[in-house]
């Protein structure tokens, strides 16, 4: 038992909480005190407390990682989320697999950002850090794990809880309190993916970045510096939009590659919970830029910046309180923190609302009407559209909350989320997206404060005509005969061309200002890519055999899925398609292993090679053991067209946590479309096959024979001294036959064993699953030098696949990359600006 | 009227539109009797039913039948009003199904049976788990 490390972790958690509170208090004092000498003292206190806090947070992270990487399975966290087989990079993702770890990740980013704030910004340090540290204190309380005696009220859930304390009811701990499991439960195999190593840290950095503009805003209201806060907050909002957007897109890409719902976005509550804050944050970015340039939209900026942070807290509440339990299969398990999360949300919501109301009258605002030909007017409409877009998603996602709230008032509404989430959200989002496309084209032309009608028409004429012509062409060529889709495409092209024109002008004059134009072009391309890949996603694995796969399946399933037998080619999507068999994936290197070439052992993660083979870059000899991912089976499928050949490896994974068998697609990528293929029904590995009656033949060595229409030859016979690791005694006789079977695609080896042990005859047959043949060594006839082989056959191995064409999905990915480049350019511009101002000694 | 007022009115109108549409598209949690009534009156919208698996007096779950092809199964569910109903599910049994405290089925009536297109389980939380594989 390693008690010390856990106690140390606990100590760090308590220190982190206390120092966050101390720091908040010291900074609060520093903000309100006017005496300069005392102020310095409080500032110093705040700073030191925060540095201790940051060190403690780092300490918590290190302790948790030590527990995970040293496999201290007496700790619940290590036991529940990791095991000894995980490679280091997945041990890192174990860190944030549990809720406590993801809170910790969030705190970690806060700690780093807090230090950056303290170092870079002197003027705002005290008030901003007061708010910042309060936020951080609430987060620290989430992993405290202390039960208030007498009240039975639990504050937080500790990552350092011992397994026996987490499961006090387990009989093993009643008998042996010191019991330590030898291995853990392991990381959910679906999360064993490189995206899961980088997606959560990116997303949580995005989360953490939202608190900075919020802190500046509250500080500005508090100190009555109503407009000064925008300048330092703006670059952080920009970074936040970029990072959170990147995090969301990574999550979408992971879903596309790993999950089988057929796309990158599923309108699941967990996805919506980050999409909404991002939309509002992008809206706030626009109003803040407007304010910086023209002193309007200050009130809108304040409302939006506060909304972003509240939306983040609300999302956290939604996904972690268990309130979505009946509407989402993905949300986290309830740790009993819902009260605490609600308090967190309410504290900052009430605080922000109250301070805004108190200060509202004093906030300067322009009385004059924004002209239709002003930049502000268009940006304001754009920001409103983004907010409405978010509001629609929020209203659908919040249905369980509405139920809970009406429940408190005794009204049982019994509302359930819409059954077809995709249709429900899409029907609104598409029209908002069209508006966003058009507005981001028009809005960009108001770079200069006022443009009159004539100039605007002149400027917009070429991009509008170009977009119209290209759209008309594409509509006819690619048959986009759906009004809303065609309009979305038109809006997309319009914004690409309009911003392209602006970009062209800017590249000559001032390229550093081109971030906005580039980002909006990316958005335009994304809209086009989404329209095609989602709107015109088409099932191509149509059953063209005229036979039902099974009458048990629905008509739809029988129509849209293709049954493939090993080595029986079919045609699909203009390709000849052939199923080559089931494959294992080696644990420690790349490549695939045919299941026919190995013998499986008791341990599902270890197989034994039947013959010498090369897997990836590694060579194996007969009888070598190979570590594999036993829960994963890959189905090798070859696509052929002319001389071109491609291999697909869709996967099926035995994953009890996620609902039994989980399938992941493999994607064949071409320039114009992705072919997205996943298995939809596979042979049940636990089920016994229906074998034909055994047919007995007598053969000599080197003699050919037929089995299930394949030619086989008995190559050799040898005496062996152990079977599957069991040593035999001198009294026992075991003989192994090596039989080579010639399949369509190379040879297979079958090695049946004939055994006399304790004077009893035993026969261990061997199976070549690709060919559907099982060979038994029935008898040995030394007098004639012959051997009796028993041949049984069965239906060949099969797999049922579903394949979808995702047209022009690359346009979406290119769009996302361009969007990110745009954010990058804009960020570097703001950083340069910041450095210049700092050099001039301006208050930053 | 100032332009900003018109703008505000439009925004409010859209927001109300969104709320109305959400309320309209929202499915409902109902009991089997109500679901049956809805189905016979021609409303084929998918609905959510919350309930538990049927258990005998000793607490054993009864009424689970596996389909011939092993990829579908049916079970007997008791809704919150105590009405029993056979539910068909065109997919294999989700793991932890029999351990669930609560079951939510989403689907509609087809003839006399309820066809679920989705099942959501409410399982005891991880902390109450008392099995450790040694």
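The values are calculated or read from the model by the stated rules, or taken from the named source; none is laboratory data. These figures come from a predicted structure and were not determined experimentally. We place every Cβ from the backbone using ideal geometry, glycine too, and count neighbours over all the protein chains shown.
Just need a number here: residues in region A:37-62 that are under 30 Å from residue A:84 (Cβ atoms) and surrounded by fewer than 22 Cβ atoms within 10 Å (Cβ to Cβ).
4
Assuming residue A:577 fulfils every condition listed in (1) buried (at least 18 other Cβ atoms within 10 Å of the Cβ); (2) within 15 Å of residue A:634 (Cβ to Cβ) apart from one, which condition is it?
The failed condition is (2).
Any chance you could count how many residues in region A:444-488 are under 19 Å from residue A:528 (Cβ atoms), assigned to a loop (DSSP other than H, G, I, E, B) and at pLDDT below 90?
Of the residues in that region, 4 qualify.
Find the strands (runs of 3 or more DSSP E) located wholly in region A:554-597 whose residues include 3 or more that are in contact with a helix residue (DSSP H, G or I) (Cβ under 9 Å, 6 or more places away or on another chain), and list them.
In region A:554-597, A:575-584 are the strands (runs of 3 or more DSSP E) which contain 3 or more residues that are in contact with a helix residue (DSSP H, G or I) (Cβ under 9 Å, 6 or more places away or on another chain).
Among the residues of region A:418-455, which ones are surrounded by fewer than 15 Cβ atoms within 10 Å (Cβ to Cβ) and under 16 Å from residue A:372 (Cβ atoms)?
A:448, A:449, A:450, A:452, A:453, A:454, A:455
Having 3 or more residues that are within 13 Å of chain B (Cβ to nearest Cβ) is the bar; report the helices (runs of 4 or more DSSP H) wholly within region A:335-441 that clear it.
A:375-397, A:399-408
Exactly one of (1) within 14 Å of chain B (Cβ to nearest Cβ); (2) assigned to a loop (DSSP other than H, G, I, E, B) is unmet by residue A:227. Its number?
(1)
Quick check: anything in region A:525-540 in contact (Cβ under 8 Å) with a residue 40 or more places away in the chain and over 30 Å from residue A:671 (Cβ atoms)?
no
How many of the residues making up region B:52-78 are in contact (Cβ under 8 Å) with a residue 24 or more places away in the chain, away from chain A (no Cβ under 12 Å) and either under 17 Å from the mean Cα position of the chain (by Cα) or part of a strand (DSSP E or B) (or both)?
Total meeting the criteria: 7.
Has region A:658-667 got any residue that is loosely packed, with under 15 Cβ neighbours inside 10 Å and either over 22 Å from residue A:563 (Cβ atoms) or out of contact with any strand residue (DSSP E or B) (no Cβ under 9 Å at 6 or more places or on another chain) (or both)?
The answer is no; no qualifying residue exists.
Considering region A:787-844 alone, what residues qualify as being buried (at least 19 other Cβ atoms within 10 Å of the Cβ) and free of Cβ contacts under 8 Å to residues at least 60 places away in the same chain?
none
Test of understanding: among A:606, A:593, A:626, A:637, which residue is touching a strand residue (DSSP E or B) at 6+ places or on another chain (Cβ under 9 Å) and touching a residue at least 60 places away in the same chain (Cβ under 8 Å)?
Being touching a strand residue (DSSP E or B) at 6+ places or on another chain (Cβ under 9 Å) and touching a residue at least 60 places away in the same chain (Cβ under 8 Å) holds for just one of A:606, A:593, A:626, A:637, which is A:637.
Can you name the strands (runs of 3 or more DSSP E) wholly within region A:694-790 that have at least 3 residues being more than 30 Å from residue A:579 (Cβ to Cβ)?
Answer list for region A:694-790: A:695-699, A:710-719, A:733-743, A:753-757, A:760-764, A:773-781.
Which residues, counting only those in region B:1-37, are away from chain A (no Cβ under 11 Å) and touching a residue at least 60 places away in the same chain (Cβ under 8 Å)?
Within region B:1-37, B:32, B:35, B:36 qualify.
Give the residues of region A:541-557 that are buried (at least 17 other Cβ atoms within 10 Å of the Cβ) and farther than 18 Å from residue A:676 by Cα, sorted by residue number.
Of everything in region A:541-557, those that are buried (at least 17 other Cβ atoms within 10 Å of the Cβ) and farther than 18 Å from residue A:676 by Cα turn out to be A:549, A:553.
Any idea how many residues of region A:142-175 are in a loop (DSSP other than H, G, I, E, B) and within 10 Å of chain B (Cβ to nearest Cβ)?
Number satisfying all stated conditions: 6.
What is the residue count in region A:617-654 for residues that are under 23 Å from residue A:667 (Cα atoms) and in a strand (DSSP E or B)?
20
Run down A:837, A:820, A:804 and say which single residue is closer than 30 Å to residue A:652 by Cβ and not assigned by TED's automatic domain parsing to the domain that holds residue A:239.
A:804
For region B:79-96: of the residues being modelled with pLDDT of 75 or more and within 30 Å of residue A:682 (Cα to Cα), which is nearest to the other protein chains (Cβ to nearest Cβ)?
Applying the filter and picking the extreme gives B:90.
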